[in-house]
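Values quoted throughout were computed directly from the atomic coordinates according to the rules given, and no laboratory measurement underlies them. Keep in mind that what you see is a predicted model, and the values were worked out from it rather than measured. When we count neighbours, we look across all protein chains shown, and the Cβ atoms used for this are built from the backbone with ideal geometry, even at glycine.
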Amino acid sequence: MNARIVLALALAALGLWTAASFLPALIWATILAVALWPLYLAFATRFMRGPSGVAALVFTILVALIMVTPISLAVYEVAQQSDSLVDWLKRAREGGIEVPDWIARLPIAAESLEQWWRANLSDPKAATAWLKTVYADNVSDLFRTLGGQLLHRLFLLFFSLLTLFALLRSGRSVANRFLETCDRLFGDAGEGLVEKMIDATRATVNGTVLVALGEGAAIGIGYFVAGVPNALMLVIFTTAFALIPFGAWLAFTVAAIVTISDGGSGIAGTCVFLWGCLVMLAGDHFVWPTLVSGSARLPFLLAFVGIFGGLAAFGLMGLFLGPVIMAALLAVWREWIFRPQPQA
């Protein structure tokens, strides 16, 4: 028996080491499969005559379109602006950078910023010294590096979608096998532990999506009220970036700058920024943990620690792994340690 356990552990370690490069993609696909399974069943039952390989393929394609469209729009916009950025850096080194008109419209610190700009950027020598570490060739190399990273990320995204298709197609058999394994390893409490982890995963994904949609809509209202140029496109970007930690902060900051630089008042741009800060602070620190804790049946403090502690420990994936770990820990504490013992 000991030899079988050692062999199983060695094979498991060898398998993890072999698949190390694909583990993030596999984990993302598993998270998506668990979170989207009820939606997939409803889709397959209503439109595809029940779960099947074709239904799983169509559903995976729909998920891919939803995920890829905002990314494609963002990449297209960056690519469109890359040549302009290189030309701007060349002109800055040769003739300095004139003070933009919108700086004078800032409601706060406009005069100080204008003086700093003239001292450091308007004079060609000062601008060259300030930008001496930024060269057009370096920018071109940066974009080429980003292009290589983008191809790598797209490959991992493709692999995640391929894994998602396989999990959806064979979801019932995979789930049954997994539950049987947990029953053999942990007994009757193993199935309860799996259910807690599934609930936490779905609650985190659903809470993240709902909060991102709400934040995007609320901040978008501010865009339209303040007269932000291309408000609809910026609303789409803000909603998509709200799925990423601190992504929406970048989006509404850019929107505020665009508002001022495109002829809008400094007060309007400042209000856009402050409104975005208010929405994000309320959504990320109160609404999101409350939704996750309620749906996953986690105490608010554990949900809060799981979300932000997971983010600090595991990066973006920790947003989902953190609550799952906390849910598993709580289930073990409740069901295994403090479960009432049967009377003799």
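Quick notes on this one:
- Percent of alpha-carbon pairs separated by more than 17 Å within the range 218-297: 43 percent
- Label-point separation, A217 to L232 (7 Å along Cα→Cβ), nm: 1.8 nm
- The modelled label-to-label distance for the pair L16/S261, using points 7 Å beyond Cα in the direction of Cβ, is 4.7 nm.
- Highest-first packing order for the peptide set 316-323, 61-68, 32-39, 9-16 is 316-323, 32-39, 61-68, 9-16, based on the mean count of other beta carbon atoms within 10 Å.
- Label sites at A3 and L301, each approximated as a point 7 angstrom past Cα along Cα to Cβ, lie 5.1 nm apart.
- By average C-beta atoms within 10 angstrom, highest first, the peptides 201-209, 20-28: 201-209, 20-28
- If R0 is 56 Å, the Cβ-Cβ spacing of S170 and L274 corresponds to a FRET efficiency of close to 0.65.
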